[in-house]
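Structure record follows, encoded as structure tokens.
The values are calculated or read from the model by the stated rules, or taken from the named source; none is laboratory data. Values in this document were obtained by computation on a predicted structure and should not be read as measured data. Here the Cβ positions follow ideal geometry from the backbone for every residue, glycine too, while neighbour counts run over all protein chains shown. Quick note on the areas: whole protein, heavy atoms, side chains included, nothing else; ligands and nucleic acids left out. Shrake-Rupley method; radii C 1.70, N 1.55, O 1.52, S 1.80 Å.
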Amino acid sequence: MPPNSSSAAIYSTTKTNSSSSSLQLQPFSFLWLLLFIVSLQVTILLMARAVPFYNGRTHFPNPVSDPCSSGRIFVYNLPLVFNQELLDNCHELDPWNSRCEALSNGGLGRKATGLSGVVPEELIPTWYWTDQFAMEVIYHNRILNHKCRTMEPDSATAFYIPFYAGLAVGKYLWSNYTTKDRDRYCEMILDWVRDQPYWNRSDGWDHFTTMGRITWDFRRSKNEDWGSRCIYMPGMRNITRLLIERNPWDYFDVGVPYPSGFHPRSDSDIFQWQYFVRNRQRDTLFCFAGAPRGAVKNDFRGLLLNQCMNASGLCRVVDCAGTRCSNGTSAILETFLDSDFCLQPRGDSFTRRSIFDCMVTGSIPVFFWHRTAYLQYQWFLPNDPKSYSVFIHRDEVKNGASIQSVLQRYSREEVKKMREKVIEFIPKIIYAKPENGLESIKDAFDVAIDGVLKRNKEHEQPGYKWK
């Protein structure tokens, strides 16, 4: 065989062997490739499961909410003449009596007595004979310890002016004091606040204050009229005002609950009290705590008293002539606890503290004026008046309508449902004892402050204009 033929044969043999070897390795290469692909898919799948993604059946925990998401509050450090000195001179705040006991215990007043056998023994320490005009002191003490208080005014959404307007004007409403006497404190505070840069920035739109009396005590339009003209002073125009009775047609007036006597120390006190009033055996259809106004022509309270006394044992009366019921008594508390309904006519003004004394006991209020509650306390009461109260127009009563007959039309199931709604809202109409509030339940103070912060946030939105 020629040499070059031999070389070609060797080359051919080598190539054949090489090709054969390559063909023999292909199944193994394919297997490795298959294993690689499968392992890659498994890895991708595991990684994908570790990455959160949304589908209709996937739920993820909410992020921790910011308790101050609505904003923070800056509290002005006022000259003491506007608050602390008024408390220090509490014996001078009333022309007839010292106010010191009523304003003690941070505004809660003296501890209640005579309640053994009326309320659960372990809850007696939660009861005080709180004065109806102590709201300013209660709010000031609470706001100083509020979780959303800030010491940096630049970070504040709301600015609180801790002026005790009600205490300042109180004694000047009587006797022979002049209009200048009644206006003096308010003029002084407005002069002070108008010098503050943050007030001037908004002209007061993000400021608020407490005025612990009814709005009409601060709305004197003529010198011969009652009260001060504080609310009508130019500097007060845009300041949000928390009052125990508001003018329903003034946006800057906000009605807040009168202080009642129940001041729970904890969430547990709230739950225990709700259980107690829910399961209370009530043997009286309705009740009335009040006194007739003998000097008032066609006195409506007199009509209610007559109907109550003629109700054949279905109504109980607590005679509040004079000052017997000024800051609560065990007789009023026990009467409300024993009654399904409590009659709530207007007081000296459209509202009365008795509304809240009644509802705290789980008794269902009966109103005769819309302005007594429905147009006053929208932040604190159910949206549907029929869910927690009865309304009988006063003219119907004057024309002879029987209150007893109206109330007897409600079935036991309807009464139970209405009472449950009243009990549900008890936390929103009371003021807790701790200065930093309850553990998780919001009371009337919390609701009021949340409302102020929310409306201040709204003021920052398009459509509002600071003037």
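The residue of the range 146-166 that is modelled with the highest pLDDT, among those that are open to solvent by 30 Å² or more (accessible area, probe 1.4 Å) and within 23 Å of the chain's Cα centre (by Cα), is R149.
Consider the range 82-127 and keep the residues that are aromatic (F, W, Y) and under 30 Å from R184 (Cβ atoms). The one that is surrounded by the most Cβ atoms within 10 Å (Cβ to Cβ) is F82.
From the list G204, G170, G235, exactly one residue is closer than 17 Å to L78 by Cα, in a helix (DSSP H, G or I) and at pLDDT below 95. Which is it? Break it down stepwise before answering.
Numbers: G204 fails: in a helix (DSSP H, G or I); G170 fails: closer than 17 Å to L78 by Cα.
From the options G204, G170, G235, the qualifying one is G235.
The residues of the range 150-167 that are of a type in the set (A, V, I, L, M) and part of a loop (DSSP other than H, G, I, E, B), listed by number, are M151, A156. Residue-level analysis places Q378 among those that are closer than 16 Å to V256 by Cα and open to solvent by 70 Å² or more (accessible area, probe 1.4 Å).
Within the range 438-453, residues that are within 17 Å of L243 (Cβ to Cβ) and at pLDDT 95 or above have Cβ atoms under 7 Å from residues that are in a helix (DSSP H, G or I) and charged (D, E, K, R) in these pairs: A444/K428; F445/R142; V447/K428, counting only partners at least 6 apart in sequence or on another chain.
Return the residue satisfying two criteria in turn: it lies in the range 167-191 and is β-branched (V, I, T) and open to solvent by less than 10 Å² (accessible area, probe 1.4 Å), and of such residues it is farthest from A134 (Cα to Cα).
Filtering first and then ranking leaves I189.
When the residues of the range 415-437 are narrowed to those that are hydrophobic (A, V, I, L, M, F, W, C) and more than 17 Å from V256 (Cβ to Cβ), which ends up surrounded by the fewest Cβ atoms within 10 Å (Cβ to Cβ)? Before you say what the answer is, go through the steps one by one.
Restricting attention to the range 415-437, the residues satisfying the condition of being hydrophobic (A, V, I, L, M, F, W, C) are 415, 418, 422-423, 425-426, 429-430, 432.
The next check asks that each one be more than 17 Å from V256 (Cβ to Cβ); those that pass are 415, 418, 422-423.
Details: V415: 16, M418: 21, V422: 24, I423: 20.
So the residue we want is V415.
Screening R219, R229 for residues that are open to solvent by less than 30 Å² (accessible area, probe 1.4 Å) and at pLDDT 95 or above leaves exactly one candidate, R219.
How many of the residues making up the range 353-396 are assigned to a loop (DSSP other than H, G, I, E, B), without any contact (Cβ under 8 Å) to a residue 40 or more places away in the chain and under 22 Å from R316 (Cβ atoms)? Number of matching residues: 4.
Could you list all residues from the range 128-141 that are surrounded by fewer than 20 Cβ atoms within 10 Å (Cβ to Cβ) and either free of Cβ contacts under 8 Å to residues at least 12 places away in the same chain or more than 17 Å from the chain's Cα centre (by Cα) (or both)?
Within the range 128-141, W129 is the sole residue that qualifies.
Residues of the range 365-391 that are over 20 Å from the mean Cα position of the chain (by Cα) and either hydrophobic (A, V, I, L, M, F, W, C) or under 16 Å from R246 (Cα atoms) (or both): V366, F367, F368, W369, H370, V390, F391.
Would you check which residues across the range 239-257 are in a loop (DSSP other than H, G, I, E, B) and either without any contact (Cβ under 8 Å) to a residue 24 or more places away in the chain or open to solvent by less than 10 Å² (accessible area, probe 1.4 Å) (or both) and list them? Don't jump to the end; show me each part of the working.
Quick first cut of the range 239-257, residues in a loop (DSSP other than H, G, I, E, B) only: 239, 246-252, 256-257.
Scanning the range 239-257 gives I239, W249, Y251, F252, V256, P257.
Can you pull out the residues in the range 207-230 that are assigned to a helix (DSSP H, G or I) and within 23 Å of the chain's Cα centre (by Cα)? Passing the criteria: T215, W216.
S268 passes every criterion in (1) open to solvent by 10 Å² or more (accessible area, probe 1.4 Å); (2) hydroxyl-bearing (S, T, Y); (3) in contact with a Lys or Arg (Cβ under 8 Å, 6 or more places away or on another chain) apart from (3).
Annotation note: Cβ proximity below 7 Å between a residue of the range 101-114 that is farther than 15 Å from E136 by Cβ and in contact (Cβ under 8 Å) with a residue 24 or more places away in the chain and a residue that is part of a strand (DSSP E or B) and not acidic (D, E) (sequence gap 6+ or interchain) occurs for A112/W127; A112/Y128; A112/W129.
Name the single residue that is least open to solvent (accessible area, probe 1.4 Å) among those in the range 397-414 being in a helix (DSSP H, G or I) and free of Cβ contacts under 8 Å to residues at least 40 places away in the same chain.
So the residue we want is V406.
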